[in-house]
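Here's the structure, in structure tokens; my notes come after.
What follows is calculated from the coordinates using simple rules that are stated; it is not laboratory data. Values in this document were obtained by computation on a predicted structure and should not be read as measured data. Here Cβ is always computed from backbone atoms with ideal geometry, including for glycine, and neighbour counts include all displayed protein chains.
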Amino acid sequence: MSSRMRRGGLAARGRGRALPVMTPPSRVRLPNRRRAETCELTIGNLTLTATVGFDQTWRPAEVFLCGARDGSGLAAILDDASVG
């Protein structure tokens, strides 16, 4: 562990600035049944399916993307880009 980490994150110590304190994102469990909308996206000759799940206040809470062949590089990118 570096001395900067032990001193509470003062990375720019000589310049009089401290790094902001990073807090982990909080997760809220969504109900098992919730509103969702699914639509098809066509980009060139590629058709993708996007499903957006909403919380109780109709704010988007999760996004799932699919449409690429399983095991392909695009499928991995879509999985990484999905937020759930």
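Computed values, structure above
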| item | result |
| --- | --- |
| Volume per residue of the C-alpha convex hull in segment 25-84, rounded to whole Å³ | 107 Å³ |
| Nitroxide proxy distance, nm - points 7 Å out along Cα→Cβ at R69 and L41 | 2.1 nm |
| Built amide H within the under 5 Å cut-off of D55, gap 5+ | A61 |
| Surrounding net charge for P31, when Lys and Arg each add one and Asp and Glu each subtract one, Cβ distance under 15 Å | +4 |
| Backbone HN-Hα couplings from phi across segment 50-63 [Karplus 6.51/-1.76/1.60, Hz, Gly and Pro as x] | 10, 10, 10, x, 10, 8, 5, 9, 6, 8, x, 10, 7, 9 |
